[in-house]
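K.L.:
Sharing a structure with you now.
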Amino acid sequence: MRLVILESPYAGDVQANEAYARACVRDSLSRGEAPIASHLLYTQPGILNDLIPDERVWGINAGLAWGRVADATVVYIDRGISRGMQFGIDRAAAEGRPVERRSLGGGAI
């Protein structure tokens, strides 16, 4: 399986963005990939609070640390590109990791 960092929006309409991110994870898995969607993992209750700036940075850095082993960064664009996503895109480019843009198309949530 190809290891990928998955980028999709989180902040803003969190409920809709979480549903969209889950659909993106499913899409990635269906492509034979092993995605890490740190924004879904680390923001679960009892882990990190995305509204606390220091904790948000911890989560972003933990997710991006996977870049050392990831084959690519995949960016799902149906709901736009957030600042956090752009940070991940820029980090991938700086580290020489391919960035792939994707859309769920008609299946977007």
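K.L.:
Confirm whether residue 20 is surrounded by 17 or more Cβ atoms within 10 Å (Cβ to Cβ), in contact (Cβ under 8 Å) with a residue 40 or more places away in the chain, of a type in the set (Ser, Thr, Tyr) and more than 17 Å from residue 92 (Cβ to Cβ).
P.N.:
yes
K.L.:
Of all residues in the stretch 54-93, how many are within 12 Å of residue 5 (Cβ to Cβ) and of a type in the set (Lys, Arg)?
P.N.:
Residues in the stretch 54-93 being within 12 Å of residue 5 (Cβ to Cβ) and of a type in the set (Lys, Arg): 2 in total.
K.L.:
Also: Here are the criteria: (1) over 16 Å from residue 12 (Cβ atoms); (2) of a type outside the set (Asp, Glu); (3) part of a helix (DSSP H, G or I); (4) touching a Gly at 6+ places or on another chain (Cβ under 8 Å). Tell me which single one residue 39 does not satisfy.
P.N.:
Condition not satisfied by residue 39: (1).
K.L.:
Still on this model: Any chance you could count how many residues in the stretch 78-109 are within 11 Å of the chain's Cα centre (by Cα) and either exposed (fewer than 12 other Cβ atoms within 10 Å of the Cβ) or under 17 Å from residue 28 (Cβ atoms) (or both)?
P.N.:
Looking only at that region, the number is 3.
K.L.:
Being of a type outside the set (Val, Ile, Thr) and assigned to a helix (DSSP H, G or I) is the filter here, so list the residues in the stretch 42-62 that pass it.
P.N.:
Scanning the stretch 42-62 gives 53, 54, 55, 56, 58, 59, 61, 62.
K.L.:
Right, next: Conditions: (1) closer than 20 Å to residue 22 by Cα; (2) touching a strand residue (DSSP E or B) at 6+ places or on another chain (Cβ under 6 Å); (3) at pLDDT 95 or above; (4) of a type outside the set (Gly, Ala, Ser). Residue 97 meets all but one. Number of the miss?
P.N.:
Among (1) closer than 20 Å to residue 22 by Cα; (2) touching a strand residue (DSSP E or B) at 6+ places or on another chain (Cβ under 6 Å); (3) at pLDDT 95 or above; (4) of a type outside the set (Gly, Ala, Ser), residue 97 violates only (1).
The values are calculated or read from the model by the stated rules, or taken from the named source; none is laboratory data. Being a predicted model, the structure only gives us computed values, none of them experimental. No Cβ is skipped: glycine too gets one built from the backbone with ideal geometry, and neighbour counts run over all protein chains shown.
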